[in-house]
Amino acid sequence: MPKKSKQTRTVAEAMKQVQRAAADRKRVREKHEAEVAARVPGEGYEPCIVSFIDVLGFRDLLTTRHAHDIRDTLLQLREFTAPSELTGLRRIKDARLSSRAFVDSVSDAVVRVRVFETEYNDGAFFHELLDLLHAQVQCVAYGVVIRAGLTIGDAHVGLGGEGPVFGPAMVRAFEIETHEAIYPRVVIDESAYQRFRSDPRLHKEDHDVEEEANYVDRLLRLDADGSRFIDYLSASESEFDDPPSYFMFLEQHAKLIREKLTTTRGRARKKFMWLADYHNMVITEILAKFEDGQRSAETFEAEWEADPMTFLRAIIVESHRSFLQLSLRFIKLNSYALWRRCKLLLK
């Protein structure tokens, strides 16, 4: 048998090498296609901002309110948390032009899912926070307070929001709402906040990181336990048409807390004591601005025909929390000046 030439062996080896390279490329391509397919709307997960929202004290409502009242409350919650885009999609590609929120609900819980992997970056994170702030303000006007957890991660929502809504991000948002929010506040997952700072898809197209963070941070407050939550009492002022409307809202907020402190007991009451502390802190900050001249007492008197200091002191909520507890809370927040003012107000 004639011996194979070196050239023949080299060609054969070269052919095998080409085949192996083609197979490797195919595997890489198939893996990439699988990853893309998993993120195609309606086919798999996609990156989303997910908020899990719940009515605080729902069990209490079941025993103290008529079924019709509870139904109306839940319908109002769904209306307040529903996205503002009510028009249907005319073209498939419209669904991913800019960030868009979709809503799913069951019983007293509402899940908001906002997609942000879109053609145009419109500041999805800021808009989700602002929508939740509006929902909190509207719920207060209806005599309801909510708590929620917000995170960023993978979720399934479907191209047009037809659902079903599920995924790791929904689980995480539920965990935050249940175990971390605790009080009537919307808590932001710290990993979500850090991702917001690093992911340009969550920013407005023409904003740099610091500019976008400046807008977002105006809506947030750091609590004594280190949690970031939506500061709806302070940040909502600019959302009202005029100053009197904002101060009427603060007065209404104080009335709601007083009613809840009177009618609740045990763990539920502690949650409204937290809300009273938060309310009093914001009122104390506003009082400080009148005292320092940052706000005009004359303008307030012209619009209200009342002294701002007298009005604001009247909507400080007495929560029967010990002065020591209040002092520790202010100290944790590094607000010694506010602590001194609060001390005078509580005398």
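The values are calculated or read from the model by the stated rules, or taken from the named source; none is laboratory data. Keep in mind that this is a model prediction, so the values were computed, not measured. Positions of Cβ are generated from backbone atoms using ideal geometry, with glycine treated the same way; all protein chains shown enter the neighbour counts.
Taking the criterion of being buried (at least 21 other Cβ atoms within 10 Å of the Cβ) and either in a helix (DSSP H, G or I) or not aliphatic (A, V, I, L, M) (or both), the residues of the stretch 109-122 that qualify are 112, 114, 116. Residue-level check: of (1) modelled with pLDDT of 95 or more; (2) part of a helix (DSSP H, G or I); (3) touching a helix residue (DSSP H, G or I) at 6+ places or on another chain (Cβ under 9 Å), residue 214 misses just (3).
Filter the stretch 254-292 down to the residues that are outside any helix (DSSP H, G or I) and either surrounded by 13 or more Cβ atoms within 10 Å (Cβ to Cβ) or modelled with pLDDT of 90 or more (or both) and list them by number. Matches in the stretch 254-292: 264 only.
Taking first residues from the stretch 304-316 that are without any contact (Cβ under 8 Å) to a residue 24 or more places away in the chain and partners that are part of a helix (DSSP H, G or I), the Cβ contacts under 6 Å between residues at least 6 apart in sequence or on separate chains come to 308/290; 308/297; 308/300. Counting the residues of the stretch 149-182 that are surrounded by fewer than 21 Cβ atoms within 10 Å (Cβ to Cβ) and under 16 Å from the mean Cα position of the chain (by Cα) gives 8. The numbered conditions (1) of a type in the set (Ser, Thr, Tyr); (2) over 22 Å from residue 310 (Cβ atoms); (3) assigned to a helix (DSSP H, G or I) are all true for residue 183 except (3). Considering only residues that are free of Cβ contacts under 8 Å to residues at least 12 places away in the same chain and within 22 Å of residue 136 (Cβ to Cβ), look in the stretch 184-219 and name the one that is surrounded by the fewest Cβ atoms within 10 Å (Cβ to Cβ). Looking at the filtered set, the residue picked out is 214.
Quick check on my filter: what residues within the stretch 143-180 are within 24 Å of residue 272 (Cα to Cα) and assigned to a helix (DSSP H, G or I)? Result: 173, 174, 175, 176, 177, 178, 179, 180.
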